[in-house]
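Heads up, the thing below is written out as structure tokens.
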Amino acid sequence: MTEKIKPIGIGIDYGTSNSTAAIFDGVRVHLMPLEKSTAIMPSATFIDKDFQITTGQNAILSYIKSNTGRKVELSAELLGEGRTTTGQTGDHGLPEEASTNKIYGHSIVDSGQTGRLFRGIKRLLGRSPTPRLTVFTRPFRLVAMITPLLLRIRKCIQEWLLDQVQFQNEAVDHACIGHPVNFEGSESDQNRTALCLLSEAYDHAGFTHKSFYPEPIAATLSYLHANPSPIEQTMLTVDFGGGTLDLCVLERTQDDFKVIATHGIALGGDHIDQLLFRELIFPLLGKGERWKRAGEDREIETAFPFEEYEELLLNWAVSYMLNQNKYTTPLMQKIQSGDENTDKFRRLYDLIKHNYSYLVVQTLKELKAELSTQHETYLDIPELDIELVVSREQFEKIISEVLRDFKQAVQETLFKCQLSPEQIQLVVRTGGSSLIPSVREILDSLFPGKVVEHDPFTSVAAGLAIAEFNGLGQL
């Protein structure tokens with residue numbers, strides 16, 4: 001008689017920036033090795049010209065290898081040919097020859113592009129109408145961008161289980177899926193819209209039996225499992241990630257817990273990265289400079305229209321669209337003027353022509369991480385001849401509005417359950433953005449001596465696995 005296989009709980013945290021997965025066997029949490037040397041996989045999808053898909057860190061490497069430094073050349077998309085006739089009769093009594101003209105559309109094609117990289121898809125799920133992303137003139141639904149990542153996660157789980165004798169027969173068709181308290185979006189049904197899309201993607205990936213669970217509660221559940229205690233407490237969990245800030249208050253008893261309130265806003269590391277781009281990089285690319293050029297009868301001087309470049313620079317996935325004459329011609333005119341600010345506009349021109357927006361964003365992410373442990377560091381982008389020292393004080397000034405919104409969200413969470421900071425006995429801090437020193441300082445000032453850090457990047461996946469094992473998720 002064979003020994004009964006123990007059931008397991010599977011938790012999947014598909015995040016804005018990174019994704020993780022975990023298994024709970026009733027005793028231990030096992031993090032899945034989604035990448036070669038780590039359990040943390042970038043939530044990235046790369047699609048090449050043959051529509052072959054790469055995911056995770058390899059997707060980022062494929063993008064960097066094939067796009068960074070490449071000179072981008074744009075052309076209008078050829079939609080077809082049109083034939084016209086003159087309606088005239090020629091010298092020999094025959095209709096004049098019809099002319100054939102190529103018809104070009106408004107869509108702009110980057111003919112040298114070898115592939116597109118997509119990150120942060122989770123931020124789009126709650127928007128209505130749901131956007132479609134175009135790859136080499138072919139529109140893709142958001143579900144199609146998420147499913148390959150989930151298939152990879154499922155494969156990793158299957159491979160791990162095959163190496164565990166006691167779990168070799170366990171089916172990988174079930175999971176508990178994490179979700180923020182509120183997805184990004186302005187519509188009243190943004191959460192329902194996003195969960196429907198997520199559910200469809202998980203179905204396509206083979207997770208036909210699934211439940212959903214709020215991410216901050218999952219993080220709390222993982223903390224409670226790792227730190228059992230008979231002490232009854234009122235707890236606050238703060239999950240500050242790449243796309244959202246999620247919070248929950250619960251009452252912990254000896255054997256159970258009760259959720260009192262949840263709260264969530266669209267605030268995260270991606271927003272901080274964009275602020276750094278605006279404040280540190282934009283002035284080095286010509287923002288705020290004047291533009292002198294010859295007019296019909298006099299010299300014209302105006303502010304350079306940098307605002308026309310800003311959104312495309314910040315959204316690196318489509319910044320190649322700046323390779324159009326309406327953007328590059330003013331730059332060339334400014335560069336040819338040879339004034340004292342020429343270097344700034346030459347830098348912007350190089351960024352556009354060589355597709356360096358992603359490189360800049362990644363460098364800023366590294367800068368942010370370094371300032372979590374150092375009081376100052378170098379911002380070094382040799383491709384654009386950028387090198388400057390950035391202090392933590394300067395960084396905190398740039399993100400002052402983020403810090404204000406963060407503190408306000410914590411206070412609003414307490415207000416929802418009519419509690420004062422003194423009535424909170426324990427604060428669990430998790431999520432990558434919670435590592436920022438000024439974020440830690442805000443929590444420490446509100447809840448002195450009560451704040452603990454808990455697995456910033458893996459707490460949610462672990463809690464989701466525990467939730468599924470115990471049947472806590474919502475179908």
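Here, each number is a calculation from the coordinates, and none is a lab measurement. None of these values were measured; they are calculated from a predicted model. Here Cβ is always computed from backbone atoms with ideal geometry, including for glycine, and neighbour counts include all displayed protein chains.
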Positive-end residue of Q374, L331, G178, charge dipole of the chain with Cβ unit charges: G178
Per-pair calculated FRET efficiency, R0 = 45 Å: S229 and R298 via Cβ, rounded to 0.05: 0.05
Low-density loop positions, GluC sites (Glu not before Pro), the range 304-406 - DSSP coil, at most 11 other Cβ in 10 Å: E340
Gyration tensor (alpha-carbon) shape descriptor, the range 325-471, a/c threshold 1.5: prolate
Out-of-range pairs (alpha-carbon distance over 29 Å; input K155/K258; K71/K326; K368/K450; K210/K365; K287/K368): K155/K258; K210/K365
Pairwise label distance in nanometres, E310 with K397, each label 7 Å out on the Cα-Cβ vector: 1.9
Shape category assigned to the chain from the gyration tensor of Cα positions, a/c cut at 1.5: oblate
Full-extension gain in nm, S128 to E376, via 0.36 nm per residue minus C-alpha separation: 85.1 nm
Contact order relative to length of the range 271-395, as percent, for alpha carbon pairs under 8 angstrom and 6 or more apart: 21
Net charge dipole size for the range 271-395 [Lys, Arg +1 and Asp, Glu -1 on Cβ; Debye, nearest 20]: 260
Under Karplus coefficients 6.51, -1.76 and 1.60, residue-wise ³J(HN,Hα) of the range 456-464 in Hz, glycine/proline x: x, 10, 10, 5, 5, 4, 4, x, 5
Nearest-20 debye value, the chain charge dipole, Cβ charges on Lys, Arg, Asp, Glu: 540
Nearby aspartates and glutamates by direct alpha-carbon distance to K344 (threshold 14 angstrom, same-chain neighbours under 8 apart not counted): E289, E383, D385, E387
Over 29 Å between alpha carbons, listed pairs K36/K397; K292/K397; K122/K407: K36/K397; K292/K397
Summed side-chain charge close to D270 - residues other than D270 whose Cβ falls under 12 Å, Lys, Arg +1, Asp, Glu -1: +3
Rounded, prolate or oblate (a/c below 1.5 giving rounded, otherwise prolate when a/b exceeds b/c) for the range 271-395 by Cα gyration tensor: prolate
Helical contribution to [θ] at 222 nm, DSSP H n ≥ 4, -39,500 (n - 2.57), averaged over the chain, rounded to 500: -10500 deg cm²/dmol
Cross-link reach list, lysines versus K65, counting only Cα pairs under 18 Å and skipping chain neighbours closer than eight places: K49, K353
